[in-house]
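S.K.: Please read through the structure below; I'll follow up with questions.
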């Protein structure tokens, strides 16, 4: 009998953290008090203004399909947000509301990436991003990046790795797992380089808004010829609503609309109505308060980890992650995470979920939990490394 | 400069009905009273019990990611529904909650269909289904079907069209656009034939529940070795919520879970909590009342269209569509639809949105509007064909 599983299944990597999650659930069922520092989701609830807008829409009962590109007023609000926050003009016809950043990635690569074309991206990076390319028959090509370049691709690297099969470049700033940003000069340069080579530029900006002590730059500030993937999940606190957006270059508008109609019909209607309240002053004020909280947590965790002897060659400026080198304590960060969970009931994400480059010595700590919880976690960590 | 649009864009067909929709919107903006009989969406609001459950969850503010496969209690309820409605046991580990049937199709084909493998399906059929295969590099192969086989594939046709490149067979019963069902004996036979040939069987059951005067059979009644795509959109009245489900054969469970984690993380949380109320007795009673209404509408529209001289060789038993032959009035159903809209402000879907086989003489009438509205539409239609 012929194999029926598609071949791509073996090319799509599993998340090692799932093994930790299963074990964490088991330990919790046993009564252990597990502290979760593996979770890429804000612990804050959805802001009340957004919740209220969602409820208000549900009360109408008219939860019908919207246009595939999304509610026109939401697309306009997103365009206005680009103007207000970045001083950048974006034609709202280029903006597509999507089922999370996931939907945005599928659309962006669906309209542009052919089978066997290569997509350049950093190692480490968020693994789902490369798996969208794999799903479509494309070839993710990761390029090792290090702290001296903020764990981000450089124009030089892009030029050096470009081949006739390269379709484009995907960057994420702030990055998951490293929390580091691309400097504006470098961002400008790598967009220019990619476009000069005839390629497509994809900018994952889902952690925009969660930036501390500096500003994130949108790729749209430097070129209209970019794909920008963003989301209401992280900064706006709407993970479970599954809503994000995609900005496409002009030439891709028609194809994107057609593909959206085919692959998801439309984004959840109540999520779209709820998101209309995401840009209200009261909501933004709440989000800025939360951003300040995340900044405190970052400082707390960064200092504590350094004090314990972890190596963090560059202080992260965004997202809610610290990517720390645990080589002083272990040469296998996955085993370290498993043992730490078992002994001390704290869950972390092993580096090898994010790539191959030095990943066996890296651990991702998410500060998506309170300083009170992290204080206990750090005590447990100290006991664990001195066991 | 190299072409940057992916090649698959040219293989994915546009919906001709979109041109009608744009024109209908324009006419409405001009003050014309357009009657919409092109829409594949129930006109009923979401049942109140489902709305209340959604609101109740939103009030918690905790709209967080769920597990990729969906809420365990929802998967259990879907399994219980198979037991209750069809008398069929389905292990809930095989059930994945998905972002609409769209998400279910992407998952089902994503785990099983390799590039260049063929997927057999009926012509006419719902075009998005074949476009999922195209997205993944697969080759949809449509087989012309006619009223004498209920517009459905037969085991004989499947055998005759099978090649070494064929991966599987997709059927939809009730069908969109024809509203016809596969008889249980034939369904059993085509599943057996497909599995004997080593292929995958995909059963689109999204119009189950909307069946009049007979029963729809789930493919799961005949084999565990099938993919079943279903949805809360049509029967349960939850289109805008974007929630459906997929049942997979045992051997695909792990791959499906991994792919779901990667391509959509999870289905909208509030939609999942709302769907928990979809199987409540009070909701099901409301849905059965609506089903009776749809049955009345079908009978009304069927009789009127026959009286006007349209040919409907087989009375549809499900969904909310009548696929009618307009060759007595026109040899170009698309032009007929455009002219009818312009002259009489009634929107229909042209046959060529559903395939090539005889489609230029076919029109899809959706009875997703009241008998009062359809009475006016029929008057307009009578005037139009006698103009």
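S.K.: Considering only B:199, B:61, B:103, give the residue with the highest GNM mean-square fluctuation for chain B, with springs between Cα atoms whenever their separation is below 10 Å.
M.R.: In this elastic network of chain B, the residue with the biggest mean-square fluctuation among B:199, B:61, B:103 is B:61.
S.K.: Could you tell me whether segment B:54-94 comes out rounded, prolate or oblate from its Cα gyration tensor? Rule is a ≥ b ≥ c as square roots of the eigenvalues, rounded for a/c under 1.5, then prolate if a/b exceeds b/c, otherwise oblate.
M.R.: oblate
S.K.: For residue B:379, go 7 angstrom from Cα along the Cα-to-Cβ vector, then report the distances to that same point in the other copies in nm, smallest first.
M.R.: So the distances to the same position in the other copies read 7.9 nm.
S.K.: Return the equivalent ellipsoid semi-axes of segment A:48-279 as a descending list in whole Å, where each equals the square root of 5 times an eigenvalue of the C-alpha gyration tensor.
M.R.: 29, 19, 15
S.K.: Most mobile of B:18, B:374, B:121 per a Gaussian network model of chain B (Cα springs, under 10 Å)?
M.R.: Among B:18, B:374, B:121, the largest GNM mean-square fluctuation belongs to B:18.
S.K.: If N is the number of residues in segment A:184-274, what value comes out of its Cα radius of gyration divided by 2.2 N^0.38 Å? Could the numbers behind the result be given before it?
M.R.: Numbers: Rg = 14.9 Å, N = 91, 2.2 N^0.38 = 12.2 Å.
With N residues counted in segment A:184-274, Rg over 2.2 N^0.38 Å equals 1.22.
S.K.: Residue separation times 0.36 nm, minus the C-alpha to C-alpha distance between residue A:254 and residue A:80: what's the value?
M.R.: Details: separation 174, 0.36 × 174 = 62.64 nm, distance 2.21 nm.
Contour length minus the Cα-Cα distance gives 60.4 nm.
S.K.: Same structure, new question: Which peptide among A:282-290, B:235-243 comes first, and what is the full order, when sorted by highest mean count of other Cβ atoms within 10 Å?
M.R.: Taking the mean over residues of other Cβ atoms within 10 Å, the ranking is B:235-243, A:282-290.
S.K.: For segment B:29-133, evaluate the Debye formula with one uniform point scatterer on each Cα (no solvent term) and list log10 I(q)/I(0) at q = 0.12, 0.15 Å⁻¹, rounded to two decimals.
M.R.: For segment B:29-133 at q = 0.12, 0.15 Å⁻¹, log10 I(q)/I(0) is -0.71, -1.02.
S.K.: Using a label position 7 Å from Cα in the Cα→Cβ direction, what is the ascending list of nm distances from residue A:85 to the same site in the other copies?
M.R.: 4.1
S.K.: Let me ask you something else. Can you give the average number of partner chain beta-carbon atoms within 10 Å of each beta-carbon in peptide B:236-245, as a whole number?
M.R.: 5
S.K.: Mind jotting down the distance between the C-alpha centroids of segment B:166-208 and segment A:283-354, whole Å?
M.R.: 50
S.K.: Further question on the same structure: Can you give the Rg/Rh ratio of the protein assembly as shown, where Rg is from the C-alpha atoms and Rh is the Kirkwood radius?
M.R.: Ratio value, two decimals: 0.98.
S.K.: What does the helix-only formula give at 222 nm for chain A: each DSSP H stretch with n ≥ 4 adding -39500 (n - 2.57), the total divided by the residues, and the result rounded to the nearest 500 deg cm²/dmol? If you can, show how the numbers build up before the last one.
M.R.: Values: 13 runs with 155 residues, N = 387.
Calculated mean residue ellipticity at 222 nm is -12500 deg cm²/dmol.
S.K.: Right, another one. Viscosity 1.567 mPa s, temperature 4 °C: Stokes-Einstein D of segment A:262-385 from its Kirkwood Cα radius, in µm² per second?
M.R.: On the way: Rh = 16.5 Å.
Here the translational diffusion coefficient equals 78 µm²/s.
S.K.: Specify the residue with the greatest mean-square fluctuation among A:188, A:258, A:234, computed from a Gaussian network of chain A linking alpha-carbon atoms under 10 Å apart.
M.R.: In the Gaussian network model the winner is A:258.
S.K.: What does the average come to when, for each residue of peptide A:35-46, you count the partner chain Cβ atoms lying within 10 Å of its Cβ?
M.R.: Details: counts 0, 0, 0, 0, 2, 2, 3, 1, 2, 1, 5, 8.
Mean number of neighbouring Cβ atoms from other chains: 2.
S.K.: Let me know the Kirkwood hydrodynamic radius for chain A, please, with Cα pairs as the basis and the value in Å to one decimal.
M.R.: One over the average 1/r among Cα pairs gives 21.6 Å for chain A.
S.K.: Mind checking the mean number of beta-carbon atoms from other chains within 10 Å of the Cβ atoms in A:53-59?
M.R.: Averaged over the peptide's residues, the number is 5.
S.K.: A further question on this structure: Give the nm distances, rounded to one decimal, from residue A:293 to the matching residue in every other copy, measuring between label points 7 Å along Cα toward the beta carbon; shortest first.
M.R.: Nearest first, the other copies' label points are 4.3 nm away.
Rule-based calculations on the coordinates, nothing more; no lab input. Keep in mind that this is a model prediction, so the values were computed, not measured. Every residue, glycine among them, receives a Cβ derived from its backbone with ideal geometry; neighbour counts consider all protein chains shown.
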